[in-house]
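Read the figures in this text as sums done on the coordinates, not as results from a lab. These figures come from a predicted structure and were not determined experimentally. Glycine gets a Cβ as well: all are built from the backbone with ideal geometry, and neighbour counts include every protein chain shown.
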Amino acid sequence: MNLPSIAIKRPVTTLMIFLLVLVLGIVAITRLNVDLLPQMTFPVATVMTTYEGVGPQEIENLVTKPLEGVLGTVANVERITTLSAAGQSTALLEFAWGTDMDFALLDVREKIDLVKGFFPDEVSDPLVFKFDSSMLPIISLALSGNSDLEGLKKLADEEIKPAIERLNGIASVEVSGGLVPLIKVEVDPIKLQAYGLTLQTITQLLQAENLNLPGGTVEAGNLELIVRTTGEFERIEQIENLNLTTSRGAIVKLKEVATVTAGYKEISSMVLFNGQPAVAISVQKETDANTVNTVRKVLRELDRIQQELPAGIQLEIVMNQADFIQFAIDNLKSNALFGGMLAVAILFVFLRNIASTLIIGISIPISIITTFVLMYFGKLELNMMTLGGLALGVGMLVDNAIVVLENIYRYRDEGYDLKEAAVEGSSEVGMAIVASTLTTVVVFLPVAFMGGMTAQIFKELALTVTFSLLASLFVAQTLVPILCSKFLYVKRGKQGRAVAVEAKAGRKDRLRWYRNWLAWSLQHRKTVIFFVLFLLVISFFMLFRLGAEFIPAMDQGIITVQVQMAKGTLLRETEQVVRRVEAAITQCPEVRMVSTSISGDQASLTIQLAEKQQRTRNADQVAEEIRTRIGRIPGAEIQVQATALSFSGGKPISIKLKGPDFAQLEKISADLVSIIQQVEGTREVESSLDQGRPELQVRIDRERASALGLNAYTIASYIRTAIAGTTATTYKVNGEEYDVVVSLKKNEQGIPGLYQLMIPTPLGAQVPLREVATLQVVEGPLVITREDQERVVTVSAALTGRDLNSATMEINQKVQAYPLPAGYSISLGGEAEEMYNAFRDLLLALLLAVIFVYMIMAAQFESLRQPFIIMFTVPLGFIGVVWALAIGKLPMSVPAMLGIIMLAGIVVNNGIVLVDYVNILRRRGYPVEEALQMAGPTRFRPIMMTALTTILGLVPMAIGTGDGAELQAPMAMAVIGGLTVATFLTLIVVPVFYLSFDQFGAKRRSRRARKAVAG
């Protein structure tokens, strides 16, 4: 007894099972987490070590190299990249995908313990931590308005930040920009020297006079009183009137040697929002928190905060990850819904029977709800991959149900009653749909067990498609037969038979063209085979003209502009350049808002574009216009890049240059920059070599300083106090605390003034700095980068208007022609390296998928020859893939490759259904050629229905107009093109190959028989 028979005999039990599934499915939907992409654990660890006051080369020799030696022995480490900078060593460890990072960090710490005892005493203990994607902000805000920056920062720190940090799921809130108030004590160095005073004297006085100390307790009658000495400053005048004792014993007021004012901490960075000064607020979530739900909590809290903000203050959302996630998810939902509606519509066109269409239509939501149950227990979440898997599978969900229903319908046409037709029709195709489902499911096994980023991203898509197809198989073998046995009415009796005969005759008449083509093809098999080979060859050559990319970047409507001025450029100079850049940006009509962060000699501008549906150009095209409008600004390096959500760090093109000598690396990298700039489509080509920031070095004459009782630390700390200032104490007013900072007057801090800086000696005398040191302007220290224990320089470039593969190949040709000195090497890195690695893995996965599909069919047919015949449909699908991508102007990519892998399991289904029925007819005694000519027209309708439902179900995804559609469109286009061509060619080519192989086998058997008789 088979499953359809059991389901039909026990309809109430079957109904209860599906009601249980529906209830579980509804509960599962409400509990599935929502995010943009699957949770990915990047196998990266960082080791940071500090050694203050030491240059990069010393850091490299004393810290970095010893660390590299032991870290290279850590299990599963694939690459070690180190950066040696002034006072700091950073090691970046990349592990194999799938490595347990908690155990890996323990291993790293154990290896470090073996070597850190050999470090100099001043070296800090190395810090070890792993990469956490939750460190990236989930929402960024800008606070601006008619208040001053001090008020804005105070509002952000005291009101907005605590309110958001209280929410569940929030890890931290960072506030940047604004003004920090303080009390400035700016000392006149001339008067300081005249009175024989020092900066330390003033600092110590401020500390000693600003106290609030308990002094124990005393008894007063029956009371015990706490004694407290209060001497804190209450007014700035109290600070100004402090008494200082000069070297001659005279008393002078502090205001006679210094100016005491309320001011602000020196601005080293600033934030602008749409050109206006602002305060930036960024929010990070906890590692396990759901992005969408957490952002919703933040937005509800912001609504409350907005109502309480003072008039004229605006709190704007600059970036919101949840918006893009929700838009992308909603887009996929609508694609799946529209695709399902198209699938049902095509069914009605073919069946022209409302009952049949409703039965199939019911199977779609039931299968999807069952899939949600499996997703919940499989610990998956709703994201672009899982919903993409459902959208891909929505057309395939009905395939099994169509085959079952069409066969039952055929039995009803032949006069069988409801139950007989349901049992016989569903049982007859049972093994065929099991095999076709398994062939589709089994192709995902290699993808699920692949390594690397590709598996991390697409594993959940593979599991979701698998779950949905298994659910549809169960529905097709249980629910569909039951519904057919109850509702699939066809007129019986003489009139009914006459109607059935008439319907069959009508179908035969409509398929006369196909019968004629099939008959002709069976008579001209060599011509058909030659034509197919010709198409394959043409498609193979077209493949190389498509181009290739890694994973399509998703247009988030964000563009970043990086401005780098000459090292050491003042903040105000950088701001002037930024204002010019902002003016150029705002001329683009798609620009909605601009958020700017300026820090010293560099700035970063984040441009938020209008919603994707409201603009006619994508982010790359707008970025190119911005790049043109900005043009070249003297003294500034400007980079413009569309910040699309991609799956590789850095720029698309990355060339690594390795070698021993730093000067030689600098020369070669400069040549490589010139070479790559000549390649069409490259933008913002740069070398990773950092020339360092100019600095004024104080070189101490140790012998002279020692003779005066001074040492390097004493001189350096005094210079720091004089220039940067030192916090002597705090000043409290109205519950607020302000630092009191002592420094020299600004107008005396040039190089001549620094030479005249008086340094106090332990003997009470003062000597000018020129007596114990010389000053020299030099290039700041470089950052030395090493990879796998070799020095490395990276030359990188952005790319626009061109596919990654063709650009990389052209660059490789030019670079290979460059005459490298002995001991130096050039290798490919970045996104291109990831792309080639992914393609290599996916080609292996495709090969394994084809082998698995063949094994499934061999087991079904109990034959090695017939599955081989059906496998010819796979290259037929390849023809359609290439042409579809060419028509859609899409390059080959990882999603497109996954579409090809899916096709390996989908296109064979039509062949399985066809060959299975041919075998049934041959067992009934029909000759092979007659069986082929009967099977083709008989199976034409179910084959076309299953193919068209799958194709039309994918059309909304292939059009790809919504947010995040860039990721799914190549996959959908590949499946649509491959299945369209394979379906039509299968109906001709499979019978041709079947007959050819059958006649070849008959000849071999005949020869063996003659040899046996002759022997």
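The figures follow:
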read-out: Cβ-derived FRET efficiency at R0 30 Å, E301 paired with V733, nearest 0.05; value: 0.45
read-out: Length released on extending from L136 to E624, taking residue separation times 0.36 nm less the Cα-Cα span; value: 173.0 nm
read-out: Cleavage-rule hits, trypsin sites (Lys or Arg not before Pro), segment 187-296, DSSP coil, Cβ neighbours within 10 Å at most 10; value: R235, R248
read-out: I313-R510 pseudo-label distance in nm [points 7 Å out on the Cα-to-Cβ vector]; value: 7.0 nm
read-out: 37 °C / 0.692 mPa s Stokes-Einstein diffusion coefficient of segment 555-644, Kirkwood radius on C-alpha pairs, µm²/s; value: 251 µm²/s
read-out: For the chain, with +1 on Lys and Arg beta carbons and -1 on Asp and Glu, the positive-most of G275, G936, P214 along the dipole; value: G936
read-out: T527/R924 FRET efficiency (R0 41 Å; Cβ-Cβ; nearest 0.05); value: 0.85
read-out: Within the chain: Cβ-based charge dipole about Cα centre, in debye rounded to nearest 20 (Lys, Arg +1; Asp, Glu -1); value: 6380 debye
read-out: Peptides 395-407, 905-917, 596-608 ordered by average Cβ neighbours within 10 Å, highest first; value: 395-407, 905-917, 596-608
read-out: Contour excess over end-to-end distance, with Cα ends at E666 and E414 and 0.36 nm allotted per residue; value: 82.4 nm
read-out: Unit Cα scatterers, Debye sum, the chain: log10 I(q)/I(0) for q = 0.10 Å⁻¹; value: -1.30
read-out: Cα centroid separation, segment 40-67 to segment 556-634 (Å); value: 34 Å
read-out: Nearest 10 degrees, 0 to 90: helix 965-1014 Cα axis against the chain principal axis; value: 40 degrees
read-out: Ranked E549, E420, criterion: other C-beta atoms within 10 Å, fewest first; value: E420, E549
read-out: Flagged links, alpha-carbon separation over 22 Å, of K111/K285; K161/K567; K526/K889; K379/K459; K191/K745; value: K111/K285; K161/K567; K526/K889
read-out: Positive minus negative residues near K116 (Lys, Arg vs Asp, Glu; Cβ under 14 Å); value: -3
read-out: Value at 222 nm in deg cm²/dmol, rounded to 500, when DSSP H runs of n ≥ 4 in the chain each add -39,500 (n - 2.57); value: -18000 deg cm²/dmol
read-out: Degrees, to the nearest 10: 571-585 long Cα axis against longest axis of the chain; value: 30 degrees
read-out: Full-stretch length increase - L223, I354 - with 0.36 nm per residue and alpha-carbon distance subtracted; value: 37.6 nm
read-out: Label point distance in nm, I851-Q639, each placed 7 Å from Cα along Cα→Cβ; value: 4.3 nm
read-out: In segment 834-909, the chymotrypsin sites (Phe, Trp or Tyr not before Pro) that fall in loop regions by DSSP, at most 14 other Cβ within 10 Å; value: none
read-out: FRET efficiency estimate (nearest 0.05) - Cβ-Cβ, I887 to R580, R0 45 angstrom; value: 0.55
read-out: Summed side-chain charge close to Q306 - residues other than Q306 whose Cβ falls under 14 Å, Lys, Arg +1, Asp, Glu -1; value: -3
read-out: Cα long-axis angle, helix 399-413 against the chain (0 to 90 degrees, to the nearest 10); value: 20 degrees
read-out: Low-density loop positions, GluC sites (Glu not before Pro), segment 662-732 - DSSP coil, at most 13 other Cβ in 10 Å; value: E680
read-out: Inter-probe distance in nm under a simple model that places probes 7 Å from Cα toward Cβ, at I267 and M934; value: 9.0 nm
